[in-house]
Amino acid sequence: MPVYLGAPDPQWIGVCDRPLMVSHNRLRRIKSAFNLPVAYSAPWILDSGAYDVITRHGSYPDDPETYVRAVRTYDVQIRNLRWASSQDYPCEPEALAKTGLTVLEHQLLSVQSYLDLTTWWRRLAPQRPCPFRLVMQGDTVESYVRCWDIAGESGVDLAAVDVLGVGSICRRERTDLPEIVDIVAALRERTTARLHGFGVHAEAIGLFDDVDSMAWSKAARARRAKHPRCTAFHRVCSSCLVYAEDWHERVAARHAAARAGA
Ligand SMILES: [Zn+2]
């Protein structure tokens, strides 16, 4: 049951032995495949950077073919890529405000992205297992259920879904926890897939089989924290592997305990 540690630097994949989440927004800055890291030992997952991309630009700079070509390179060169998220459209108010579209339109775009990416993958890398995973988007319990139905009606083989991303929950307030509980319960009624919560806060991590988080970085910045074992020259450990690994140790233990009791 991995807690994927959100990595600010893709090169962590080459030195860190913990499961990592790395954003395509960071990896795409590496222009030569020779400069990509090679996975040290742990699996990692690729985030399409949906929230940042959509709230800033309203659409993806890379079309599906370009994204698939990049992911194919990561898959072959970096190795240990467990899965990659589709180019989905988050449903937070700020994302909807940027695109001017509705929740339903974001859901349709998200499902279509998954279909486009899997089609391109079959064309460009037919001999390799497809890494893309579907991400559910929505704002209410009913709308997440609708997103699941849209995927089925659009031709996604729902019975074959092994990992299902659950998006648009990372910016929710802590008071929204009961609704997140209901969203997770509604999805579990429909699938036995592992549910991955994107950027969920501490109270909600036990609801999901897998989670990722960069909360450690925000916490270090807010507290202006310097880890006692950190010997680097920076004053604040907000991009620091020592601090991040220590945080991961504690949160992974907490997540495992919560899942054992679930
Ligand atoms: Zn540090």
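The values are calculated or read from the model by the stated rules, or taken from the named source; none is laboratory data. Computed from a predicted model, the values in this text were never measured in an experiment. Don't worry about glycine lacking a Cβ; one is built from the backbone with ideal geometry, like all the others, and counts go over all protein chains shown.
Overview of results
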read-out: Residue within region 13-34 that is at positive phi, at pLDDT below 95 and not polar (S, T, N, Q) present; value: no
read-out: Neighbours by Cβ (under 7 Å, 6+ apart or cross-chain): first from region 206-235, touching a residue at least 40 places away in the same chain (Cβ under 8 Å); second within 10 Å of the ligand (Cβ to nearest atom) and assigned to a helix (DSSP H, G or I); value: Trp216/Tyr243; Trp216/Ala244
read-out: Pairs where the first residue, in region 23-49, is closer than 11 Å to Ile78 by Cα and the second is of a type in the set (Val, Ile, Thr) and in a loop (DSSP other than H, G, I, E, B), C-beta under 9 Å, 6+ apart; value: Leu36/Ile30; Pro37/Val15; Pro37/Ile30; Tyr40/Val15
read-out: Unique residue being acidic (Asp, Glu), surrounded by 15 or more Cβ atoms within 10 Å (Cβ to Cβ) and more than 14 Å from Leu5 (Cα to Cα) when the list is Asp209, Asp246; value: Asp209
read-out: Answer residue from region 225-255, given it is part of a helix (DSSP H, G or I) and among the basic types (Lys, Arg) and is nearest to the ligand (Cβ to nearest atom) among those; value: Arg250
read-out: Residue check for Gly165: at pLDDT 95 or above, away from the ligand (no atom under 16 Å from the Cβ) and not in a loop (DSSP other than H, G, I, E, B); value: yes
read-out: Yes/no for Ala258 being over 14 Å from Ala202 (Cβ atoms), out of contact with any Phe, Trp or Tyr (no Cβ under 6 Å at 6 or more places or on another chain) and aliphatic (A, V, I, L, M); value: no
read-out: Failed item, numbered, when Asp52 is tested on (1) modelled with pLDDT under 95; (2) crowded, with 18+ Cβ neighbours inside 10 Å; (3) among the acidic types (Asp, Glu); value: (2)
read-out: Ala204 vs. criteria in a helix (DSSP H, G or I), away from the ligand (no atom under 12 Å from the Cβ) and within 21 Å of the chain's Cα centre (by Cα); value: yes
read-out: Arg190 vs. criteria within 16 Å of the ligand (Cβ to nearest atom) and either basic (Lys, Arg) or more than 20 Å from Ala7 (Cβ to Cβ) (or both); value: no
read-out: Residue in region 49-64 that is over 14 Å from the mean Cα position of the chain (by Cα) and on the phi > 0 side of the Ramachandran plot present; value: yes
read-out: Residue, farthest from the chain's Cα centre (by Cα), within region 137-156, restricted to residues that are buried (at least 16 other Cβ atoms within 10 Å of the Cβ) and not in a helix (DSSP H, G or I); value: Val156
read-out: Candidate set: region 21-32, residues that are within 14 Å of Ser48 (Cα to Cα) and hydrophobic (A, V, I, L, M, F, W, C); chosen: the one surrounded by the most Cβ atoms within 10 Å (Cβ to Cβ); value: Val22
read-out: Candidates Ala258, Ala222, filtered to the one that is among the small types (Gly, Ala, Ser), assigned to a helix (DSSP H, G or I) and touching a Gly at 6+ places or on another chain (Cβ under 6 Å); value: Ala258
read-out: Ala220 within 16 Å of the ligand (Cβ to nearest atom) and buried (at least 18 other Cβ atoms within 10 Å of the Cβ); value: yes
read-out: Any hit, region 70-85, residues being crowded, with 22+ Cβ neighbours inside 10 Å, at pLDDT 95 or above, within 13 Å of the chain's Cα centre (by Cα) and aromatic (Phe, Trp, Tyr); value: no
read-out: Only listed residue being touching a helix residue (DSSP H, G or I) at 6+ places or on another chain (Cβ under 6 Å) and of a type outside the set (Ser, Thr, Tyr), chosen from Arg122, Arg190; value: Arg190
